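Reading through the structure tokens given below for one structure.
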Amino acid sequence: MKSNLIRVMLAVIMISSSILTGCTSNSSQSRIIPVETPARPDGQKDVLGLRLPPIDTIRVGIIGLGMRGEDAVYRYTNLPGVEIKALCDLHQERADSCQRFLRAAGMPEADTYAGSENAWKAVCERPDINLIYICTDWIDHAPMMLYAMEHGKNVACEVPAALTMQEIWDVVNTAERTQLHCMMLENCVYDFFEMTTLNMAQHGVFGELMHVEGGYLHCLEPYWPEYDDDWRMKYNKAHRGDIYPTHGMGPACQLLNIHRGDRMKTLVSMDTKAVTLPQYLKDVRGDTASVANGDHTMTMIRTEQGKSMLIQHGTATPRPYSRLYELTGTKGFAQKYPRPGYSINSHSFVSDAVRDSLTQAYRSPILTADLEENARRVGGHGGMDFIMDYRLVYCLHHGLPLDMDVYDLAEWCCISPLSALSLENDFAPVEVPDFTRGNWNKIQGFSYAFE
Ligand SMILES: NC(=O)c1ccc[n+]([C@@H]2O[C@H](COP(=O)([O-])OP(=O)(O)OC[C@H]3O[C@@H](n4cnc5c(N)ncnc54)[C@H](O)[C@@H]3O)[C@@H](O)[C@H]2O)c1
């Protein structure tokens with residue numbers, strides 16, 4: 001009798017408080033903008049841990065030979081078990097110029113493809129090629145990946161590999177249907193501090209990780225004139241949101257085991273107005289066009305396991321370069337910028353000597369002395385680009401799952417369209433789809449595959 005009375009009183013209190021606040025108990029759910037997860041087509045299966053038969057010789061076709069692609073050609077001449085069969089660019093002279101790396105390495109010259117927007121299709125159609133490597137501007141990435149996979153090729157694509165939710169799902173579905181490797185060339189997961197810190201995190205040095213940060217804060221003013229046909233500025237003019245999220249997302253998601261025991265559930269974004277790029281355009285080019293992309297964009301993400309992420313983007317304002325890369329755990333903290341440091345169960349950073357000994361003790365399992373030496377010699381952002389290419393080729397040679405799969409590609413790229421959706425809806429929370437469609441908990445923890 002007494003307990004019934006208490007229940008009635010509680011119900012009255014809850015009803016009257018919801019009338020006063022205008023809220024019902026599931027009101028927080030209803031504020032989240034839903035994002036569709038298309039059903040997996042019948043007969044299609046996931047590509048988690050995908051293993052393909054070992055490939056003795058990687059025969060690669062490289063498409064897009066601008067600033068980034070040219071460096072990739074050079075790196076590939078430094079990898080054993082690789083033949084460069086095709087070089088493709090809109091500009092014939094860029095393809096011809098890249099032959100110098102092959103000649104210097106004593107490799108046969110590659111066939112060149114140029115002169116048309118669609119010359120790359122012939123590269124994907126070649127029966128001898130088993131890896132298509134894409135370094136063009138962003139707009140063509142997804143169509144090229146799709147065409148390559150439809151023609152039976154494994155594909156690796158520069159960042160960001162897909163721009164819209166439609167492109168992302170098309171890429172995921174095509175990788176699942178064709179059961180081929182589809183990897184985004186996210187090099188920042190192979191930077192030395194990130195690899196060491198990931199290893200420390202996996203050994204529990206920081207306790208349970210609660211929060212991670214990442215981003216791309218890089219004033220591109222010196223580079224704006226260098227992009228072919230001004231593609232990058234055009235994209236900034238037309239698109240709001242974090243349009244270049246993957247350098248921050250890659251290392252952050254590996255730390256949190258995203259789709260390997262956790263998954264992103266909800267994000268919310270906020271940006272500033274655009275001031276610096278419109279001013280640059282006016283001053284330098286006499287161009288008074290408006291710019292959709294804000295000077296600074298921030299995205300916060302909550303995961304299924306109750307972790308948080310903060311991802312930032314800014315390529316307009318003058319400031320020191322930073323990819324942020326920070327983690328907070330129940331027992332420790334790591335930060336890469338402005339000065340790499342660790343803090344273990346303390347309010348202060350460890351001394352430089354302790355940091356250096358931790359760096360030695362927790363050297364990444366993939367970083368053999370040989371690989372480090374070659375990476376530092378060949379270079380590419382201090383060596384991380386070489387390590388990325390080395391790992392891709394190593395895994396293909398040995399028939400192993402790649403370090404980064406198509407779900408990583410999807411998760412790291414989806415921040416662009418989903419941050420835009422949040423911004424365009426007054427910074428509303430947005431649902432993040434599960435690109436594995438239910439299998440995010442099948443693999444436990446991020447790991448590298450070895451022979
Ligand atoms: N991971 C990194 O650290 C990093 C660094 C720089 C650039 N990138 C990425 O690399 C890619 C290329 O950037 P970039 O700086 O080299 O740009 P870029 O403008 O210097 O080069 C792009 C090249 O692609 C070619 N191209 C465009 N459309 C083509 C088509 N249909 N067929 C053949 N070739 C085509 C252009 O002719 C040009 O040579 C971008 O995705 C960029 O985000 C990544």
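Computed from the coordinates by the stated procedures, all read-outs in this text should not be read as laboratory data. Computed from a prediction, not measured in an experiment: that's the story for all the values here. Heads up, the Cβs are rebuilt from the backbone with ideal geometry, glycines too, and the neighbour counts pull from every protein chain shown.
Give the residue from 325, 139, 300 lying farthest towards the positive end of the charge dipole for the chain; charges sit on Cβ (+1 for Lys and Arg, -1 for Asp and Glu) and the dipole is referred to the Cα centre.
Of the candidates, 300 comes out farthest on the positive side.
For helix 415-424, report the angle its Cα long axis makes with the longest principal axis of the Cα atoms of the chain; keep it between 0 and 90° and round to the nearest 10°.
Relative to the chain, helix 415-424 is tipped by roughly 50 degrees.
If each of residue 282 and residue 170 carries a label point 7 Å out from its Cα toward its Cβ, how far apart are those two points in nm?
Each label point lies 7 Å from its Cα, and together they span 3.8 nm.
List 448, 244 from most exposed to least, where exposure is judged by having the fewest other Cβ atoms within 10 Å.
Placing the least packed residue first, the sequence is 448, 244.
Neighbouring Cβ atoms within 10 Å as the yardstick, rank 344, 311, 243 fewest first.
344, 243, 311
What list do you get for 87, 52, 131 if you sort them by fewest beta carbons within 10 Å? Display every interim value, and only then the final one.
Details: 87 29, 52 17, 131 23.
Going from least to most buried by this count: 52, 131, 87.
When DSSP assigns beta bridges and you keep just the ones with both residues in the chain, what percent turn out antiparallel, to the nearest 5?
The answer is about 50 percent antiparallel.
Return one number: the angle in degrees, 0 to 90 and rounded to the nearest 10, between the long axis of the Cα atoms of helix 92-104 and the longest principal axis of the Cα atoms of the chain.
For 92-104 against the chain, the angle is about 70 degrees.
Placing unit charges on C-beta atoms (Lys and Arg positive, Asp and Glu negative, everything else neutral), compute the dipole magnitude of the chain about its Cα centre in debye, rounded to 20.
In total the dipole reaches around 1500 debye.
Only Lys, Arg, Asp and Glu count, each charged at its Cβ (+1, +1, -1, -1), so figure out the dipole size of segment 58-185 about its Cα centre, rounded to 20 debye.
360
Show me 383-394, 34-45 ranked by packing, highest mean number of other Cβ atoms within 10 Å first.
With the highest mean Cβ count within 10 Å placed first, the list reads 383-394, 34-45.
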